[in-house]
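Remarks on the structure that follows.
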Amino acid sequence: MRWILLLLLCLGLPARADLDYQLTPRQIAEDTWLLEGSTDNFARGNGGNIVNSAFIVTDSGVVVIDSGPSKRYGEALRQAIAATTGQPVVELLLTHHHPDHVLGNQAFGDVPIGALAATGELLREQGEAMAENLYRLVGDWMRGTEVVLPNRVLEPGMLEVGGHRLRLLGLSGHTGADLAIFDETTGVLFAGDLVFHDRALTTPNSPGLEVWLKDLDTLQALPWKQVVPGHGPVASDDRPFAQMRDYLGWLDGLMRDGAARGDDMAEMIRRPIPERFAGISLTRYELIRSVSHLYPRYERKQMTRIDQR
Ligand SMILES: [Zn+2]
């Protein structure tokens, strides 16, 4: 019996040497490479690789966008870049402070790590707790991972690197500090987590869904040819934007109506999810989380209105 258990353990838990992200960069535009993660939740099976990271090979070196969920991922990303181009990495840009996007920073200690000022603040405040949570969720993949703060403050505006004109946009709908990067040279828009595609959006730090919708207007109006979401497949049409608007509108309406009726959280998290969202991964899981993050605000607004009568 004991050997069966042992065998099962060995089969179920990859040995540490097998913890290989197998990152395979895929070229999506001239000079532009994507590492597409799973649309599942954090799990021991995926090592937290649920995120899209990318890099742009410019004439004066490689610009990397987001460093992934762990030190191990960051190192694998460096190897994948080195296997793709002889150009050195010259800069890492962080779209926002969430752990799946920044905990690979340790592998980029030799280059400037740029982020919006508020992203640095948020990571300083929340980084340790978020990293601890990932240790719990994905285990050994995280070994040795520590929070490394950005060391270069990015201002919204133009950043020119080796012939690529990168327009940096300072937005806020997902976390309060969200950097989107529009490469005017290739037409690729790196939307960070302002755009989720075929994967339910997450709301732990969102200042409000109406703010998020405004950011989507800003992004969609850019003359992009391809949009790289923070999670989910790249698109060259408006589909991710339409899906985001539909889903955000539904979520907002659901909580507004619930608050107006006086429903409690336990009822809200059981609400049916429309059939049209069936193709979006993790809708029930994220509905439960979003209701816990956001519903108290809707309830407070409702009470204010009553008090003002
Ligand atoms: Zn995020």
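The values are calculated or read from the model by the stated rules, or taken from the named source; none is laboratory data. These figures come from a predicted structure and were not determined experimentally. Using ideal geometry, Cβ is built from the backbone for each residue, glycine included, and neighbour counts are taken over all protein chains shown. The accessibility values were calculated without ligands, DNA or RNA, using every heavy atom of the protein model including side chains. Shrake-Rupley method; radii C 1.70, N 1.55, O 1.52, S 1.80 Å.
Which residues, counting only those in the range 47-59, are part of a loop (DSSP other than H, G, I, E, B) and open to solvent by less than 30 Å² (accessible area, probe 1.4 Å)? I'd like the intermediate steps shown before the answer.
Residues of the range 47-59 part of a loop (DSSP other than H, G, I, E, B): 47-52, 59.
Those that are part of a loop (DSSP other than H, G, I, E, B) and open to solvent by less than 30 Å² (accessible area, probe 1.4 Å): GLY47, GLY48, ASN49, ILE50, VAL51, ASN52.
When you go through ILE280, ILE269, ILE288, ILE273 one by one, which is the residue that is more than 23 Å from PRO207 (Cβ to Cβ), out of contact with any His (no Cβ under 6 Å at 6 or more places or on another chain) and not basic (Lys, Arg)?
ILE273 is the lone residue from the list that is more than 23 Å from PRO207 (Cβ to Cβ), out of contact with any His (no Cβ under 6 Å at 6 or more places or on another chain) and not basic (Lys, Arg).
Quick one: GLY162 ticks every box in (1) in contact with a Gly (Cβ under 7 Å, 6 or more places away or on another chain); (2) buried (at least 21 other Cβ atoms within 10 Å of the Cβ) bar one, so which box is it?
In the conditions (1) in contact with a Gly (Cβ under 7 Å, 6 or more places away or on another chain); (2) buried (at least 21 other Cβ atoms within 10 Å of the Cβ), GLY162 misses (2) alone.
For the range 223-236, does any single residue satisfy the condition of being at pLDDT 95 or above, more than 16 Å from the ligand (Cβ to nearest atom), open to solvent by 10 Å² or more (accessible area, probe 1.4 Å) and part of a helix (DSSP H, G or I)?
No, there is no match, as no residue in the range 223-236 is at pLDDT 95 or above, more than 16 Å from the ligand (Cβ to nearest atom), open to solvent by 10 Å² or more (accessible area, probe 1.4 Å) and part of a helix (DSSP H, G or I).
Do we have any residue at all in the range 245-256 that's within 15 Å of the chain's Cα centre (by Cα) and either buried (at least 21 other Cβ atoms within 10 Å of the Cβ) or without any contact (Cβ under 8 Å) to a residue 12 or more places away in the chain (or both)?
Within the range 245-256, none of the residues are within 15 Å of the chain's Cα centre (by Cα) and either buried (at least 21 other Cβ atoms within 10 Å of the Cβ) or without any contact (Cβ under 8 Å) to a residue 12 or more places away in the chain (or both).
So is ASP252 assigned to a helix (DSSP H, G or I) and within 16 Å of the ligand (Cβ to nearest atom) or not?
Working: assigned to a helix (DSSP H, G or I): yes; within 16 Å of the ligand (Cβ to nearest atom): no.
When the stated conditions are applied, ASP252 does not pass them.
Name the single residue that is nearest to the ligand (Cβ to nearest atom) among those in the range 200-209 being open to solvent by 10 Å² or more (accessible area, probe 1.4 Å) and under 22 Å from GLY68 (Cβ atoms).
THR202
Given the conditions (1) within 16 Å of the ligand (Cβ to nearest atom); (2) touching a helix residue (DSSP H, G or I) at 6+ places or on another chain (Cβ under 7 Å); (3) open to solvent by 40 Å² or more (accessible area, probe 1.4 Å), and given that GLN126 satisfies all but one, which numbered condition is not satisfied?
Exception for GLN126: condition (2).
How about the range 99-121: which of its residues are farther than 15 Å from GLY74 by Cα, within 15 Å of the ligand (Cβ to nearest atom) and of a type outside the set (A, V, I, L, M)?
THR119
Which of the residues spanning the range 165-192 are in contact with a Gly (Cβ under 7 Å, 6 or more places away or on another chain), of a type in the set (A, V, I, L, M, F, W, C) and within 16 Å of the ligand (Cβ to nearest atom)?
LEU179, ALA180, ALA191
List every residue pair whose Cβ atoms sit under 6 Å apart, with the two residues 6 or more apart in sequence or on different chains, where the first one lies in the range 192-219 and is part of a loop (DSSP other than H, G, I, E, B) and the second, anywhere, is within 10 Å of the ligand (Cβ to nearest atom) and of a type in the set (Ser, Thr, Tyr).
Once the first residue is part of a loop (DSSP other than H, G, I, E, B) and sits in the range 192-219, its partners that are within 10 Å of the ligand (Cβ to nearest atom) and of a type in the set (Ser, Thr, Tyr) give ASN205/THR175.
Looking only at the range 60-118, which residues are more than 23 Å from MET142 (Cα to Cα), touching a Phe, Trp or Tyr at 6+ places or on another chain (Cβ under 7 Å) and buried (at least 24 other Cβ atoms within 10 Å of the Cβ)?
Selection gives VAL62, VAL63.
Yes/no per residue for (1) of a type in the set (Lys, Arg); (2) under 20 Å from LEU34 (Cβ atoms):
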{"site": "ILE81", "(1), (2)": "no, yes"}
{"site": "HIS101", "(1), (2)": "no, yes"}
{"site": "GLN106", "(1), (2)": "no, no"}
{"site": "PRO112", "(1), (2)": "no, no"}
{"site": "GLU121", "(1), (2)": "no, no"}
{"site": "ARG124", "(1), (2)": "yes, no"}
{"site": "TYR135", "(1), (2)": "no, no"}
{"site": "GLY144", "(1), (2)": "no, no"}
{"site": "LEU169", "(1), (2)": "no, yes"}
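Of these, GLY170, GLY144, GLY139, which one is at pLDDT below 95 and open to solvent by 10 Å² or more (accessible area, probe 1.4 Å)? Reasoning before the result, please.
Values: GLY170 fails: at pLDDT below 95; GLY144 fails: at pLDDT below 95.
Within the list GLY170, GLY144, GLY139, the selection yields GLY139.
In this structure, is ALA131 out of contact with any Lys or Arg (no Cβ under 7 Å at 6 or more places or on another chain), open to solvent by 20 Å² or more (accessible area, probe 1.4 Å) and among the aliphatic types (A, V, I, L, M)? Write out each step before concluding.
Working: out of contact with any Lys or Arg (no Cβ under 7 Å at 6 or more places or on another chain): yes; open to solvent by 20 Å² or more (accessible area, probe 1.4 Å): no; among the aliphatic types (A, V, I, L, M): yes.
So ALA131 fails the test.
Could you name every one of the strands (runs of 3 or more DSSP E) located completely within the range 97-183 that has at least 1 residues being acidic (Asp, Glu)?
157-161, 178-183
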